[in-house]
Amino acid sequence: MLVWVGLFNEYSMESMKGGAAPARIGNLFWLAAAILAADQLTKVLITSQMTLGQSIPVIADFMHFTLVRNTGMAFGILSRADIPFKTALVTLLSGGAMVAVGYYALKAPPSERLTRGGLACILGGALGNITDRLRLGYVVDFIDVFYRDTHWPAFNIADSCICIGVGLLLLDGFRRPEPTTKAEISAPIGAGQGES
């Protein structure tokens, strides 16, 4: 959290000279903060009302709230691995990724709204899960989606926002026009078209 506040403060102080820059950064900050708050609020509500392993049907035969502890990464990756200092390692990796995403979000041009929104979603989700790791030593997961006996690994609001953010980045990447080469830019109009 301190890293995020530091990045935000450094960039916003640097950009106070510009007009729209502080507002753009503020929007990123507020979106990430709203995701963090929603994630932590849902986790507090779930952990205060449920016991570990308890499952409550939400949509019959499709989705339950099932309280689990995830000591690994997103969607339970590495949760069953017995690695020394796993919590510290996973927190360090997540923190490094969060700093990189925060930096990229601050440097993305204002015209790239999908990119900036996607990065804010990823950042907010990463903050939610890192908050759990630092506070509890594990991440609280509770959304259990399944079909018959096939269950997707349990996840939470933070994981959902990270996936939405990645989806927005992909969508933005698909929407962008192909970059033009320097040769196409510098060639005069009609060059190479032979004369009639």
Can you report the number of residues in region 100-148 which are of a type outside the set (Val, Ile, Thr) and touching a Gly at 6+ places or on another chain (Cβ under 6 Å)? 3
Counting only residues that are of a type in the set (S, T, N, Q) and over 11 Å from the mean Cα position of the chain (by Cα), which one in region 94-138 is surrounded by the fewest Cβ atoms within 10 Å (Cβ to Cβ)? Ser111
Within region 126-145, residues of a type in the set (Asp, Glu) and part of a strand (DSSP E or B) come out as Asp141, Asp144
Checking Thr51 against (1) under 16 Å from Ser160 (Cα atoms); (2) modelled with pLDDT of 95 or more; (3) among the β-branched types (Val, Ile, Thr), which single condition isn't satisfied? (1)
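The values are calculated or read from the model by the stated rules, or taken from the named source; none is laboratory data. Remember, predicted model here, so these are calculated numbers, not experimental data. Glycine gets a Cβ as well: all are built from the backbone with ideal geometry, and neighbour counts include every protein chain shown.
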